[in-house]
Amino acid sequence: VYFIPGGLDCSISFVSHVLGKVCIHGRQKDILGVLVPRLTDLTKSDCIWQRICWRLVECVPDRWMEAVVLGFVQRAPGADVLSRLLGNLVVKNKKAQFVVTQKMLLLQYGHTTAVLQNLLGYLSLDSLRRTLLLRVLQELLETWSSSSAVKHSPAEQQLYISKAVLICLSHLKEPEIESCRQELLTSMMEGVKCHLDSSLPQLRRLGMVVAEAISLKMSTEGPVLKFEYEEDDETRELKSLLVQTPSSCVVPSLLDDDRSEKAGAALPLVLESNEKSHTAAPLMPVEESDAELDSDDDLIPYDMSEDKELKIKAPVYIRDCIEVLAGSRSEDVDKWEATVKALESLVRNNPAATREVSVELAKILLHLEEKTCIEGFVELRQRAQVAVLTTDPIPVAKYLTSQFYSLNYSLRQRMDILDVLVLAAQELSCPKFHGKTKHSGAQKPCIHLLPGSDSSKGWRRIVDERIKSKTRRFDMGQSRVELASRPNEFNSVAGYFFFPLIQHFDRPLTTFDLLGEDHLVLGRLVHTLAILMYLAVNTVAVTAMGKALLEFVWALRFHTDSYVRQGLLSCISSLLLSVPMERILADMTEELLETQSWLGDVMEKDPDGDCRRLAVQNLLLMENLKKKLEAVPS
Amino acid sequence: MALPPPDPQFVLRGTSAPVHTLHFSCGGPEPDIPLLFSGSENGFIHVWNLKTHRVDTALDGHGRKSVYCVETMSGKDRLLSQGRDQRICLWDLAEGRTSVTDSVFTEHVGFCRCSLLKVAQGRWLMAMAARSLEEVQILELPSKTSVCTLKPEVGAKLGMPMCLKLWQLSCGPQPLLLAGYEDGSVVLWNVSMGKALSQLNCHQEPVMSLDFDSEKAKGISGSSEKVLSIWSLNEQQNLQVYKTHELVNAGISDITIRPDKKILATAGWDHRIRIFGWKKLKPLAVLDYHTATVHCVSFSDHSTPRDRLLAAGSKDQRISVWSIYAQT
């Protein structure tokens with residue numbers, strides 16, 4: 001569509017109508033694909049064309065305005081271009097304002113980052129529109145900091161809103177920040193709290209990145225909020241959004257501050273660096289030039305072959321280890337360190353001796369705290385605990401599961417118990433996993449946060465792979481290489497691991513309420529039960545376990561935390577994989593049907609993507625297992 | 001075929017506390033008994049008679065707080081001691097007296113030993129770590145007047161001074177100070193002008209101890225890591241690293257060069273005393289007697305070379321005395 005401004009007062013409203021109609025019918029891409037570049041060129045320097053363009057969009061009837069505006073925002077190559085094309089449309093037209101400030105930001109979340117940049121950049125480029133920018137920021141922050149939004153909205157939407165917040169922040173100028181400082185502070189505090197409360201590590205990270213950004217913007221000098229988290233592509237991308245804007249805004253003044261600080265620090269460094277440049281060249285040749293016979297040659301060295309590295313001996317007996325670890329003598333820290341490092345191998349090499357003191361050792365290890373800074377202390381302790389548990393499963397499992405529900409343990413300790421139970425079960429049930437634990441220990445805690453463990457992801461992967469292998473090749477035999485068979489040691493103890501954990505979950509204690517605020521531990525518990533269920537395949541207790549698990553899952557199926565729901569769905573997967581189908585159909589028919597309908601619900605309506613995927617897998621698994629059963633002639 | 005390392009000539013027991021500092025006073029003419037002063041963690045300074053190998057006197061002047069530095073000032077009658085009670089005490093030990101004649105309240109809560117330099121008859125300069133974290137104060141004794149305060153510039157981040165050595169060029173009266181700091185650097189200060197001449201970053205960890213040979217303008221420093229660093233001072237008064245020596249085990253508490261500048265001894269955290277030749281830092285011996293960290297080593301000032309001794313004090317409460325390379 002090329003139109004030449006023949007006359008001076010030509011009416012453009014006809015063209016607007018056409019444009020609107022075409023857009024609403026879904027031909028946005030085609031028409032705007034041609035129109036927008038042309039208009040971009042034309043409006044670059046020509047004011048008249050800019051005016052024409054503005055008139056064009058202003059005249060589009062309201063009912064088609066949304067499509068047109070959306071198209072323009074998506075198509076425009078940059079915020080400044082958008083500004084040229086749309087002018088102050090958002091200020092003049094209510095519908096456009098709604099689309100730009102509300103619909104695209106809060107109600108939709110599928111747009112790319114570039115579109116967000118365009119939109120928010122556009123709002124920031126004109127003083128009339130900046131008030132809208134501030135309003136948008138406030139609303140975005142409200143959403144970001146609302147706990148129900150954090151709990152219930154999908155992760156992608158939260159990411160989108162976080163990106164929008166960061167881009168907004170990057171556009172704000174100093175005086176504007178000053179004016180809304182109080183609100184920024186309140187929303188930041190609330191938002192951080194909700195985000196850190198979440199059980200999903202991605203959401204926690206999002207919260208941390210945004211909070212850091214807000215704090216950075218609010219105070220250019222003085223200590224800034226800094227979280228510890230692992231950088232990954234997402235966080236890097238988010239952070240890059242903050243500093244993207246070129247010349248216009250706060251960012252240069254921040255850079256100026258940095259530069260002046262660096263200049264100040266450079267002066268005392270200059271003196272040092274002068275010195276250092278002198279010291280940089282070591283004087284090697286001096287030795288050679290000292291050709292004189294030095295009287296050192298008279299001094300005959302003594303025999304120094306005994307001079308070796310000092311090694312602290314670790315104790316050789318288990319009871320000695322117990323003495324060292326439980327002893328209150330804080331002096332011999334070297335011995336303590338050596339004991340901690342040597343403990344696992346000692347336990348494994350002396351099973352009989354360990355069995356005599358297993359519960360005591362488990363107790364000491366559960367309460368063991370880091371006395372000196374050893375590398376990998378957490379992992380050492382955990383491996384020792386697993387070694388003790390596998391050497392003497394029944395009493396130690398009884399002890400650990402009872403402690404899980406006792407008073408006065410930290411959440412970290414309770415989660416440790418779960419991890420240890422899982423690792424030991426893994427070792428007892430699968431000979432090939434022995435010694436090759438993939439578990440990499442807990443992450444570093446940051447700002448008194450509860451660390452999340454990635455072990456559940458690894459497990460889910462294994463379970464998923466198992467599901468995949470079952471769903472695709474259910475008629476082919478197992479093509480895996482046969483491993484050397486060993487009696488399944490998990491068989492006799494599976495019940496001791498499993499049932500005590502499931503027993504008291506609904507009984508709150510003063511310091512520990514699984515169904516209340518400690519939903520992180522509940523999530524971990526559920527995942528642990530799923531793994532234990534999975535590992536219990538071919539054990540005698542598996543059917544009873546399956547029944548108990550199904551009841552447990554049924555009671556918790558509407559839990560609000562998505563991590564817990566994911567765990568529950570993994571439980572169902574494990575159940576379907578481990579309990580022989582005949583037993584499921586025989587003993588748990590009604591429950592199975594109810595579960596099936598519940599899974600269908602989850603598949604359609606659950607806000608979390610992972611939950612939906614797991615539900616689908618479970619349904620498929622059920623179908624395939626049933627088919628397999630029917631295929632076998634009875 | 002190298003000989004096995006020698007055993008100590010004798011061992012002094014009886015301090016009943018870890019020994020932190022030692023100082024010999026054996027230079028006096030014949031009727032004078034050679035003495036060894038030792039400071040322990042229980043606050044006592046023991047005066048050992050090296051003929052009888054027994055304690056002659058025990059001085060209690062630091063309120064049972066650890067004594068970490070003892071030095072004599074022109075002979076055995078005047079003693080200076082520094083303790084963790086934040087005081088430096090001056091003792092009068094002539095004719096059997098055991099009294100504290102004077103004391104300086106340093107307000108220093110660290111472990112930095114002070115350093116003495118005799119500048120004239122009856123006058124000394126003493127360098128000590130002061131109250132403020134990075135400063136070194138120079139006092140004149142016995143008047144206790146402050147000569148100057150050596151402050152590193154703002155932002156230098158040297159940390160606490162860990163060890164000090166005052167010395168003087170033989171050609172001129174200008175006193176200079178070498179200070180090792182917590183960040184691993186050694187700084188050369190000009191005391192009269194009060195400013196730093198040169199700084200050398202020779203360790204990654206705090207400099208635990210240093211010693212300097214003013215004739216050869218070469219010094220050595222030890223730290224809590226495995227490296228000994230030897231540095232030299234060139235004509236422009238700049239410090240440069242001359243060489244480094246890697247030890248088997250990390251940690252050095254004390255280094256001292258023998259007065260004849262032929263050998264030096266290091267006290268290690270690995271319970272061992274190491275002897276090196278000073279010229280080329282050739283390892284000569286490893287003396288393995290103590291069963292805990294060796295805190296200090298000291299060479300005696302005997303006038304006859306044959307009688308020269310080396311003493312080492314350790315956390316195992318014993319002082320081992322060795323006669324090693326005394327014949328050269």
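The values are calculated or read from the model by the stated rules, or taken from the named source; none is laboratory data. It should be emphasised that the depicted structure is a prediction, and the values quoted were computed from it without experimental measurement. Here the Cβ is made from the backbone with ideal geometry for all residues, glycine too, and neighbour counts use every protein chain on show.
Which residues, taken from segment B:222-245, are assigned to a strand (DSSP E or B) and closer than 25 Å to B:Thr21 by Cβ? Correct list: B:Gly222, B:Ser223, B:Val227, B:Leu228, B:Ser229, B:Ile230, B:Trp231, B:His245. As an exercise: evaluate A:Phe98 against (1) surrounded by 19 or more Cβ atoms within 10 Å (Cβ to Cβ); (2) within 35 Å of the chain's Cα centre (by Cα) and give the number of the one condition it does not meet. Failing condition for A:Phe98: (1).
Inclusion of B:Val147 among residues that are at pLDDT 90 or above and not basic (Lys, Arg) is not warranted.
Determine whether B:Gly251 is surrounded by 17 or more Cβ atoms within 10 Å (Cβ to Cβ), farther than 18 Å from B:Ala326 by Cβ, out of contact with any helix residue (DSSP H, G or I) (no Cβ under 6 Å at 6 or more places or on another chain) and in contact (Cβ under 8 Å) with a residue 40 or more places away in the chain. For B:Gly251, the condition - surrounded by 17 or more Cβ atoms within 10 Å (Cβ to Cβ), farther than 18 Å from B:Ala326 by Cβ, out of contact with any helix residue (DSSP H, G or I) (no Cβ under 6 Å at 6 or more places or on another chain) and in contact (Cβ under 8 Å) with a residue 40 or more places away in the chain - is met.
Being in contact (Cβ under 8 Å) with a residue 40 or more places away in the chain, crowded, with 19+ Cβ neighbours inside 10 Å and more than 9 Å from chain A (Cβ to nearest Cβ) is the requirement here; does B:Ser209 meet it? Considered against the rule, which asks whether it is in contact (Cβ under 8 Å) with a residue 40 or more places away in the chain, crowded, with 19+ Cβ neighbours inside 10 Å and more than 9 Å from chain A (Cβ to nearest Cβ), B:Ser209 comes out as yes.
Conditions (1) charged (D, E, K, R); (2) over 21 Å from B:Met126 (Cα atoms); (3) assigned by the TED database to the domain that holds B:Gln237, marked per residue:
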{"residue": "B:Pro152", "(1), (2), (3)": "no, no, yes"}
{"residue": "B:Met162", "(1), (2), (3)": "no, no, yes"}
{"residue": "B:Gly184", "(1), (2), (3)": "no, yes, yes"}
{"residue": "B:Glu205", "(1), (2), (3)": "yes, yes, yes"}
{"residue": "B:Gly219", "(1), (2), (3)": "no, no, yes"}
{"residue": "B:Ser224", "(1), (2), (3)": "no, yes, yes"}
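If you check B:Pro18, B:Pro4 for being under 23 Å from B:Arg113 (Cα atoms), within 14 Å of chain A (Cβ to nearest Cβ) and surrounded by fewer than 20 Cβ atoms within 10 Å (Cβ to Cβ), only one passes: B:Pro18. Cβ separations smaller than 9 Å between residues 6+ apart or across chains give the following pairs from segment A:350-374 residues that are hydroxyl-bearing (Ser, Thr, Tyr) to residues that are surrounded by fewer than 16 Cβ atoms within 10 Å (Cβ to Cβ) and assigned to a helix (DSSP H, G or I): A:Ser358/A:Pro395; A:Thr372/A:Val333; A:Thr372/A:Asp334.
Looking across B:Gly180, B:Gly219, one residue alone is more than 14 Å from chain A (Cβ to nearest Cβ) and part of a strand (DSSP E or B). It is B:Gly180.
In the set (1) touching a residue at least 60 places away in the same chain (Cβ under 8 Å); (2) surrounded by fewer than 18 Cβ atoms within 10 Å (Cβ to Cβ), the condition left unmet by A:Gly121 is number (2).
For segment A:300-310, the criterion of being more than 30 Å from B:Lys315 (Cβ to Cβ) and at pLDDT below 85 is satisfied by at least one residue.
Residues checked against (1) closer than 30 Å to B:Asn201 by Cβ; (2) touching a strand residue (DSSP E or B) at 6+ places or on another chain (Cβ under 6 Å); (3) part of a loop (DSSP other than H, G, I, E, B):
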site	(1), (2), (3)
B:Leu90	no, yes, no
B:Met126	yes, yes, no
B:Ala156	yes, no, yes
B:Leu166	yes, yes, no
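Scanning segment B:109-123 for any residue that is farther than 30 Å from B:Leu169 by Cβ, modelled with pLDDT under 90 and not basic (Lys, Arg) turns up at least one such residue. If you go through segment B:301-328 and keep only what is within 14 Å of another protein chain (Cβ to nearest Cβ) and under 20 Å from the mean Cα position of the chain (by Cα), you end up with B:Arg308, B:Leu310, B:Lys315, B:Asp316, B:Trp322, B:Ser323, B:Ile324. Counting only helices (runs of 4 or more DSSP H) that sit wholly inside segment A:147-234, those with at least 1 residues that are within 24 Å of A:Met104 (Cα to Cα) and among the aromatic types (Phe, Trp, Tyr) are A:155-171.
Per this entry, A:Val537 is not counted among residues that are modelled with pLDDT of 85 or more and either touching a Cys at 6+ places or on another chain (Cβ under 8 Å) or not in a helix (DSSP H, G or I) (or both).
Take A:Gly110 and tell me if it is among the small types (Gly, Ala, Ser) and either outside any helix (DSSP H, G or I) or touching a Pro at 6+ places or on another chain (Cβ under 6 Å) (or both). Criteria met by A:Gly110.
Quick grid of which residues meet (1) under 24 Å from A:His504 (Cα atoms); (2) in contact with a Gly (Cβ under 9 Å, 6 or more places away or on another chain); (3) surrounded by fewer than 14 Cβ atoms within 10 Å (Cβ to Cβ):
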site: A:Thr539; (1), (2), (3): yes, yes, no
site: A:Leu550; (1), (2), (3): yes, no, no
site: A:Ser570; (1), (2), (3): yes, no, no
site: A:Val579; (1), (2), (3): yes, yes, no
site: A:Arg612; (1), (2), (3): no, no, no
site: A:Val616; (1), (2), (3): no, no, no
site: A:Leu621; (1), (2), (3): no, no, no
site: A:Ala631; (1), (2), (3): no, no, yes
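If you take the residues in segment B:271-299 that are more than 9 Å from every other protein chain (Cβ to nearest Cβ) and touching a Pro at 6+ places or on another chain (Cβ under 6 Å), which one is surrounded by the most Cβ atoms within 10 Å (Cβ to Cβ)? The selected residue is B:Phe276. Assigned to a helix (DSSP H, G or I) and over 22 Å from A:Ala424 (Cα atoms): does that describe A:Val526? No. Identification of strands (runs of 3 or more DSSP E) wholly contained in segment B:265-328 with 3 or more residues that are over 18 Å from B:Leu3 (Cβ atoms) and in contact (Cβ under 8 Å) with a residue 24 or more places away in the chain yields B:294-299, B:310-314, B:319-322.
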